[in-house]
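The values are calculated or read from the model by the stated rules, or taken from the named source; none is laboratory data. A quick note: this is a predicted structure, and the numbers were derived from the prediction, not measured. FYI the Cβ positions are ideal-geometry reconstructions off the backbone, even for glycines, and counts take in every protein chain you see. To get the accessible areas, we keep the full protein, side chains included, count just its heavy atoms, and leave off ligands, DNA and RNA. Shrake-Rupley method; radii C 1.70, N 1.55, O 1.52, S 1.80 Å.
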Amino acid sequence: MNIPLLAARNVTRNKLRTVLTTLGVAVTVLTFVLIRTVVAAWYVGVEAASKDRIATRHKVSFIMQVPKNYADTIRQVPGVQAATWAQWFGGKEPNHEGEFFATLAVDPKTTLEVYDELVVPEEQKKAWLENRQGILAGDVIAKKFGWKVGDRVNLVGTIYPGDWQFEVSAIYTAARKSIDRSTVYFHWDYLNESLPEQRRDKVGWIVSRIDDPGKSATIQASIDQTFDARDIQTLSQSERDLNNSFLGMMSAVLGALDIVSVVILIIMGLILGNTIAMGVRERTTEYGVMRALGFSPRHIATFVLGEAFTLGIAGGAVGLAIAYPFVNQGVGLAIEENMGAFFPYFRILPDTAIAAMVMALVLALVAAVIPAWQASRLRTIDALRQVG
Amino acid sequence: MSTAASSAHASAGITVRDVTKVFYRGKEPLTVLDKLNLEVTPGQFVALMGPSGSGKSTLLNLIAGLDRPSQGSVQVGQSSVSNMADSELAKWRSQNVGFIFQTYNLMPVLTALENVELPLLLTKLSGAERKKRAQTALRVVGLEDRSTHYPRQLSGGQEQRVAIARAIVNDPSLIVADEPTGDLDRQSADDILTLLTKLNTDFGKTIVMVTHDPAAAERANVTRRLNKGQLS
Ligand SMILES: Nc1ncnc2c1ncn2[C@@H]1O[C@H](COP(=O)(O)OP(=O)(O)OP(=O)(O)O)[C@@H](O)[C@H]1O
Ligand SMILES: [Mg+2]
């Protein structure tokens, strides 16, 4: 036995209280880890966004369309290597009503040029290009719906009402994290031809690939300049900025979460402080005995802080033990699958785990400072007179 | 624990001279001890009796260096207890005084052996040496077979014997006991008193024991009565 061990041993005194306190710290740690992981995952998503792609949309709003032939004009802008277009379709799988996934009407050939990280087996690629009703589906969504190449599938249009017949021609995986593996791509022509004359030949946005990511801003400016004199003007952004603006609302939520996490920390600190103070009060006589035996005020403070330290470590460890499987094997996987474009990597980073552990320890020690100080200031004879 | 013969400070005499102790309840002074004198020779076993509130514990605390007199001096062995600073006193107590309390006051989270070892944590002894000494002290009180038991697994009498082992593990020159049998049945009380008598006769320890029990006082060499701040 030694003095630190003696301090740690005190947590075995009231087991229920120790368990509850440890769980309290653990839940705080879990909350902290979750919030931190969301923030970290967001930045991973932003980082992963391709730097060499520019999205061009209607200057007023991204729900308004631009003429399809803008893509031809954009291809002429210096620095642009390839351009393609897409239209949000908003399909629903009738058997999986609640499932949200992106359905995009695209130009197959140029889409594969611009999104060169789409990995599709050669013969499937060929089949998709040739089949006007063909679908190119992400492996994650295909697995979820049980789709296999050759399957005939129905999608219900929400923006373009009706029952749309498709055939699964190809399934893609992604060579980089910058692409969502739950998207369904199909032929824009198929959609376009079914529309009344006046609605035809318009697209949601145009995406171009540029030769030098360093010139992205200049190229964006020259694209928009090209359309300055036209009826419909454009706004071009890098894919990264586009992701960021999608996540703009998200960042407000994250800010609020940050505040919540601080509030939780403060509340937990107060509860912990009270618990420790309660323990100290109950042990007044014992501290008196220890002082009589020759232990110093500093020893007494060490006992209180040591006990808090032990609780902090235990709470932190339990919290992380819950957080790891919960995030890395639970919500994290679900989020990566369903929101892969924004959160391609939703896992606990080592930095987050370390920060959580440090936070648990600091929280416990700060909570114990006042009780420790009070316990160390007790006069021996007064403490001894308070015989329980 | 070494034997009386080989110990550097087997026993200490006590000189309490003109000691006054005043407590304040708010502004109101309460004189508990009034110019009190007491002489205890080395190796003596003294019983302190007196009505409740007469100041027995207060006097014992002054002798044991837990508190300082308002006036007068307390000398134990070579040490002028009433003149020492807090930290000096703490060190002195850890080396010279063994404490026995009415309510045993063992640490519930420590085993019997660990409780006995507790005062040795303040020494520079190695872990192995501390354990050996704690085992020896437990053997003296006849509880070597209970070393891994926790206080809640022991009877009151056994708990008090562990407390006595804790009090002697440092080989102190003085043992102070405040109503050591107050919470015990007759049989256990007699066992404890026999043990204290043995510490006094076989190991030569000076013992000051506060008690309400005349049978306990009979075991001492001398009985002093405290009343109205004075000894008789
Ligand atoms: N720290 C203190 N502060 C204020 N008053 C005290 C303090 N210690 C003791 N007293 C008072 O001094 C008087 C003597 O107390 P003490 O504990 O010495 O009595 P006692 O003889 O040991 O009594 P008992 O037999 O009940 O244990 C009591 O009136 C008590 O209230
Ligand atoms: Mg008393």
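Here are some residues: A:Arg291, A:Arg298. Which one is more than 36 Å from the chain's Cα centre (by Cα), open to solvent by 70 Å² or more (accessible area, probe 1.4 Å) and in the same structural domain as A:Thr12 (by TED's automatic domain parsing)?
On the way: A:Arg291 fails: open to solvent by 70 Å² or more (accessible area, probe 1.4 Å).
Testing whether each residue is more than 36 Å from the chain's Cα centre (by Cα), open to solvent by 70 Å² or more (accessible area, probe 1.4 Å) and in the same structural domain as A:Thr12 (by TED's automatic domain parsing) leaves just A:Arg298.
I need a count of the residues in the range B:187-219 that are out of contact with any Lys or Arg (no Cβ under 6 Å at 6 or more places or on another chain) and within 16 Å of ligand 2 (Cβ to nearest atom). Even if it seems obvious, please write down each step before you answer.
Taking the range B:187-219 and keeping what is out of contact with any Lys or Arg (no Cβ under 6 Å at 6 or more places or on another chain), we get B:187-192, B:194-196, B:198, B:200-209, B:211-219.
Filter once more, keeping what is within 16 Å of ligand 2 (Cβ to nearest atom): B:208-209, B:211-213, B:216-217.
The total comes to 7.
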Next on the checklist: Looking at the range B:119-129, can you tell me whether even one residue there is in contact (Cβ under 8 Å) with a residue 24 or more places away in the chain and facing another protein chain (nearest Cβ under 8 Å)?
Outcome noted: yes
Checklist outcome for this item: Sole miss for A:Asn192 among (1) within 30 Å of B:Phe101 (Cα to Cα); (2) open to solvent by less than 70 Å² (accessible area, probe 1.4 Å); (3) in contact with a Lys or Arg (Cβ under 9 Å, 6 or more places away or on another chain) is condition (1)
Checklist entry - Within the range A:283-310, which residues are without any contact (Cβ under 8 Å) to a residue 40 or more places away in the chain and in a helix (DSSP H, G or I)? => result A:Glu286, A:Met290
Next on the checklist: The conditions are (1) within 16 Å of ligand 2 (Cβ to nearest atom); (2) surrounded by 18 or more Cβ atoms within 10 Å (Cβ to Cβ); (3) more than 12 Å from chain A (Cβ to nearest Cβ); (4) over 16 Å from the mean Cα position of the chain (by Cα), and B:Val19 fails exactly one of them. Which is it?
Outcome noted: (1)
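If I ask for residues that are within 16 Å of ligand 2 (Cβ to nearest atom) and over 13 Å from the mean Cα position of the chain (by Cα), which ones from the range B:34-49 would you list?
Residues of the range B:34-49 within 16 Å of ligand 2 (Cβ to nearest atom): B:36, B:46-49.
Selection gives B:Leu36, B:Met49.
Counting residues that are under 25 Å from the mean Cα position of the chain (by Cα) and not aromatic (Phe, Trp, Tyr), which helices (runs of 4 or more DSSP H) fully inside the range A:82-159 reach at least 2? Even if it seems obvious, please write down each step before you answer.
Details: elements: A:108-114, A:122-130, A:139-145.
The helices (runs of 4 or more DSSP H) meeting that bar are A:139-145.
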Checklist entry - Can you find a residue in the range B:78-87 that is of a type in the set (A, V, I, L, M), within 16 Å of ligand 2 (Cβ to nearest atom) and open to solvent by less than 40 Å² (accessible area, probe 1.4 Å)? => result no
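Residues to consider are A:Asp231, A:Asp224; find the one that is open to solvent by 60 Å² or more (accessible area, probe 1.4 Å) and either more than 29 Å from A:Ala40 (Cβ to Cβ) or part of a helix (DSSP H, G or I) (or both).
Values: A:Asp224 fails: open to solvent by 60 Å² or more (accessible area, probe 1.4 Å).
Of the residues listed, the single one that is open to solvent by 60 Å² or more (accessible area, probe 1.4 Å) and either more than 29 Å from A:Ala40 (Cβ to Cβ) or part of a helix (DSSP H, G or I) (or both) is A:Asp231.
State the number of residues belonging to the range B:50-76 that are open to solvent by 30 Å² or more (accessible area, probe 1.4 Å), more than 16 Å from ligand 2 (Cβ to nearest atom) and among the small types (Gly, Ala, Ser). Working first, answer last.
Going residue by residue through the range B:50-76, those that are open to solvent by 30 Å² or more (accessible area, probe 1.4 Å) are B:51-53, B:57, B:61, B:68, B:70-73, B:75.
Subset that is more than 16 Å from ligand 2 (Cβ to nearest atom): B:68, B:70-73, B:75.
Among the residues that remain, those that are also among the small types (Gly, Ala, Ser) are: B:70, B:72-73.
The qualifying residues number 3.
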Item to check | Failed criterion for A:Arg283 (all others in (1) away from ligand 2 (no atom under 16 Å from the Cβ); (2) among the charged types (D, E, K, R); (3) open to solvent by 20 Å² or more (accessible area, probe 1.4 Å) hold) | outcome: (3)
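Just checking, which of B:Ile192, B:Ile164, B:Ile175, B:Ile168 is closer than 18 Å to B:Glu218 by Cα, away from ligand 1 (no atom under 16 Å from the Cβ) and within 14 Å of another protein chain (Cβ to nearest Cβ)?
Values: B:Ile192 fails: within 14 Å of another protein chain (Cβ to nearest Cβ); B:Ile164 fails: closer than 18 Å to B:Glu218 by Cα; B:Ile168 fails: closer than 18 Å to B:Glu218 by Cα.
That would be B:Ile175, the only listed residue that is closer than 18 Å to B:Glu218 by Cα, away from ligand 1 (no atom under 16 Å from the Cβ) and within 14 Å of another protein chain (Cβ to nearest Cβ).
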Next on the checklist: Looking only at the range A:199-215, count every residue that is within 22 Å of A:Val106 (Cβ to Cβ) and not in a loop (DSSP other than H, G, I, E, B) and tell me the total.
Outcome noted: 9
Checklist outcome for this item: Taking the range B:64-89 and keeping only residues that are within 14 Å of chain A (Cβ to nearest Cβ) and in contact with a strand residue (DSSP E or B) (Cβ under 6 Å, 6 or more places away or on another chain), one is left with B:Ala64, B:Pro69, B:Ser70, B:Val81
